[in-house]
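Below is one structure, written out as structure tokens; the observations come after it.
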Amino acid sequence: MYLADRSAPQGTTTAQERLRGTARAVSPTVLALGTVSLVTDVSTEMVTAVLPLYLVMGLGLSPLGFGMLDGVQNGVSALVQLTGGHLADRVRDHKLIAGIGYGLSALVKPLLLVGNLGALGAALALDRTGKGLRTAPRDALISLSVPPERQGRAFGLHRAMDTTGALLGPIVAFLILGVAAGGYDAVFAVSGCVAALGVLVLLLFVPGGRNAPVPPQEGRADLRAAFGLLRARRLRMLFGCAVLLGLTTVSDAFLYLLVQRRTGVAEQFFPLLPLGTAAVFLLLALPAGRLADRIGRRWVFLGGHAGLLLAYALLLWAPQVPALPYLVLALHGAFYAATDGVLPAAVAAVVPERLRASGIALVGTGQALARLCCSLAFGAAWAAWGDGPALAAAAVGLACCAAVAGVALRPTGDAR
């Protein structure tokens, strides 16, 4: 199934058939994993909401230094994601590898309390290691729990629940900063407790156990087989476009700093900026997944990047309009709703079950490494030229890459 193909079967269906289809799409595994992601994202986004301000304003880190730190975080997650996908397919136990990833992220949270850049960098790297380990096995569990024609809405539901946590996390951080004497330390401490709760929910409620053994004639799930997936044209195009577009996707942290600087948002409200993204993501994730199943994933995926390009343009223009921050954050949230769940659903449709986690990890790793390069380049460009020229370069690059991806992802009659 190609990114541009329609996933829903052709023809009409009765209301009763649609109701049964919806029930099948909302599987217990998707709901349980969505709950785990919701709780874990409360923990993660509590830290993410205050981290840029804490590093740049509190510890005096330069934009270039922040870009390097942000890039290293994404790079660690990207490299480990491939390992997590491979291990999950190799041991045939996706829950086990996902659980290790969630557990590692919870265990390193106390390091955030040390209060120096070295310990903070180590904690963030280990946290991203845990994220990298769990992402592909979790998405593989989702894709294997629903039929192919319902995967868009299944991923959309999961992303909506995940984003509920992303919405609540900054609110909790904002409230803690307002009432706790410890400030940032209090945020980091509460974040660790919430992360531990997410691990507990995973252990108790997510169905697990080893998957069915693979017939010998299908071969072992090794790295050669995983990279061999790129011989298939459909996956190769998905991989290439994910990398290309990732090279011009400015990281969330930089985007929020740009919104704060170019629209005049007061510093005390900075932790609330992710709420705009999260709220729109929450509202649109499931509808975007359903739309992708109905009209084709290519249009939804490219439409999300068009929204991101418009957000860049608004920040460059930066008119003195009170609604500007809200418009930019709404477009940012729409971008994630149209891409974050649609891409793994498209990958799952073209990868065999025995290599499902490896295939999702392969594309996710390429995209994350590309975003690492973007963080490093954007931070350097900001330090050298200023935020405006750096954002203009990213916007031009995104427009060119989206045009190339639109051509590359057109449906063809070639099954490979």
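Points to keep in mind about this one:
- With both labels modelled 7 Å from their Cα along Cα-to-Cβ, the LEU310 to GLU267 distance reads 3.4 nm.
- Karplus-derived 3J(HN,Hα), 6.51/-1.76/1.60, for each residue of region 42-52, Hz, glycine and proline x: 4, 5, 5, 6, 4, 6, 4, 5, 9, 5, x
- Rel. contact order, % - alpha carbon contacts under 8 angstrom, at least six apart, the chain: 30 percent
- Working note: Cα gyration tensor of the chain, eigenvalues times five, square-rooted, sorted largest first, giving semi-axes of 32, 25, 21 Å.
- For SER145, distant residues with modelled amide H under 5 Å away: none
- Efficiency of FRET between LEU200 and GLU353 - r from beta-carbon atoms, R0 45 angstrom, step 0.05: 0.95
- Taking all pairs of distinct alpha-carbon atoms in region 274-416, Kirkwood radius in angstrom: 16.6 Å
Laboratory data are not the source of any read-out in this text; all were calculated from the coordinates shown. Everything numeric in this text was worked out from a predicted model, so none of it was measured. Reconstructed Cβ throughout: ideal geometry from the backbone, glycine too, with neighbour counts over all protein chains shown.
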